[in-house]
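One structure below.
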Amino acid sequence: MAASSRAQVLRLYRALLRESQRFSSYNYRTYAIKRIRDAFRENKNVADSEKIEELLNKAKANLEVIQRQV
C-alpha cells in the first residue's frame, strides 16, 4: 500500500472514531466504535487498490451518516 493511501486510511479511521465518540447514547457509541475497529481490522490485509478504494468510499459514506446522526 502506498504511503499516501495508508495516511488517508488512518485519517479516515481516526475521523470515524472521533465522530462516534459524539453519540450521546452509550449503546450507540460503543456499538459504532466496535464496528469501526472490527471493520478496519478485518480489511487490514487488503492489497488490491480497487478494493481499497471501494472500502474507502464506503467508509466515507458511513462517516457522513454518523455526522448527520450526531
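The values are calculated or read from the model by the stated rules, or taken from the named source; none is laboratory data. Since the structure is predicted, the reported quantities are computational estimates derived from the model, not experimental observations. Glycine also receives a Cβ, built like all others from the backbone with ideal geometry; neighbour counts cover every protein chain displayed. Each accessible area value is taken on the protein alone, full model and side chains, heavy atoms only, with ligands, DNA and RNA left out. Shrake-Rupley method; radii C 1.70, N 1.55, O 1.52, S 1.80 Å.
Among the residues of region 1-42, which ones are farther than 23 Å from GLN69 by Cα and either open to solvent by less than 50 Å² (accessible area, probe 1.4 Å) or assigned to a loop (DSSP other than H, G, I, E, B) (or both)?
MET1, ALA2, SER5, ALA7
Looking at region 1-23 only, could you name the residues that are modelled with pLDDT under 95 and hydroxyl-bearing (Ser, Thr, Tyr)?
SER4, SER5
Filter region 18-70 for residues that are over 23 Å from ALA2 (Cβ atoms) and among the hydrophobic types (A, V, I, L, M, F, W, C) and give the result.
PHE23, ALA32, ILE33, VAL65, ILE66, VAL70
Got a number for residues in region 48-70 being exposed (fewer than 14 other Cβ atoms within 10 Å of the Cβ), touching a residue at least 12 places away in the same chain (Cβ under 8 Å) and over 22 Å from GLN21 (Cβ atoms)?
1
Of (1) touching a residue at least 24 places away in the same chain (Cβ under 8 Å); (2) of a type outside the set (Ser, Thr, Tyr); (3) open to solvent by 60 Å² or more (accessible area, probe 1.4 Å), ASN45 satisfies all except one. Which?
Result: ASN45 passes all but (1).
Out of (1) at pLDDT 95 or above; (2) part of a helix (DSSP H, G or I), the odd one out for ILE52 is which?
Of everything listed in (1) at pLDDT 95 or above; (2) part of a helix (DSSP H, G or I), ILE52 misses just condition (1).
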